[in-house]
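What follows is a set of notes on a single structure, which appears directly below.
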Amino acid sequence: GGMEMQLHFEQAASVDEGVGMIFDALTRTCQLDDTFILFLGDNGYFFGEHALGPERRFAYEEGIRAPFVLRYPRRVNAGTTISDLVLTIDIAPTMATLAGGKPPGSMQGRSLVPLLGGKRAGWRKSILCEYFSENALPWLVGMSYKAVRTPRHKYIHWVNRGGDFDELY
């Protein structure tokens, strides 16, 4: 509840302070514009949405969407928003490309460099989200799902629950 939210916001304030120190150091050493900076979270949190607490294992938007913010003035203008579907597996191929290499064919994900340059043709039209039940919390047993997300829709198939609980948004 309220205490979870307070701790969440206190943690965010601490991260903000630390990032400010990093930016100051990069500015003092004239490296800021040559540094690729990426902020991301591993998942989102629920703060009451869908009658859920701070859990994060469900395929609802609050759980699968996460902050993904980058700064690299040499490749992307400040304030640019990209609405295409990107994944954390896109980070490694992006870094390989920015370093002048070519991501190996066996590497999952796609370089974001074309998107950063405004080239959207041929970008992915859907993503798969999966969660396999674990015994971390008793009420999670049997909560495995596979979900497909497109820019407009999301279909969640609850694997262990039969077809009666599937959801389409």
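Is at least one residue of the stretch 59-78 among the acidic types (Asp, Glu) and either free of Cβ contacts under 8 Å to residues at least 24 places away in the same chain or out of contact with any helix residue (DSSP H, G or I) (no Cβ under 8 Å at 6 or more places or on another chain) (or both)?
yes
Would a scan of the stretch 9-29 turn up a residue that is in a loop (DSSP other than H, G, I, E, B) and more than 19 Å from residue 149 (Cα to Cα)?
yes
Does residue 148 count as more than 16 Å from residue 63 (Cβ to Cβ) and either modelled with pLDDT of 80 or more or not acidic (Asp, Glu) (or both)?
So residue 148 fails the test.
When the residues of the stretch 74-109 are narrowed to those that are in a helix (DSSP H, G or I) and small (Gly, Ala, Ser), which ends up least open to solvent (accessible area, probe 1.4 Å)?
Selected residue: 96.
Being modelled with pLDDT of 85 or more, exposed (fewer than 14 other Cβ atoms within 10 Å of the Cβ) and within 18 Å of residue 154 (Cβ to Cβ): is that true of residue 33 here?
no
Which pairs have Cβ atoms under 9 Å, sit 6 or more apart or on different chains, and link a residue in the stretch 1-21 that is more than 19 Å from residue 36 (Cα to Cα) to one that is open to solvent by 70 Å² or more (accessible area, probe 1.4 Å) and part of a helix (DSSP H, G or I)?
none
The values are calculated or read from the model by the stated rules, or taken from the named source; none is laboratory data. The structure displayed is predicted, hence computed values, not measured ones. For neighbour counting, all protein chains shown are included, and Cβ atoms are generated from backbone atoms with ideal geometry for every residue, glycine included. Accessible surface is based on the protein model in full, side chains and every heavy atom, while ligands, DNA and RNA are left aside. Shrake-Rupley method; radii C 1.70, N 1.55, O 1.52, S 1.80 Å.
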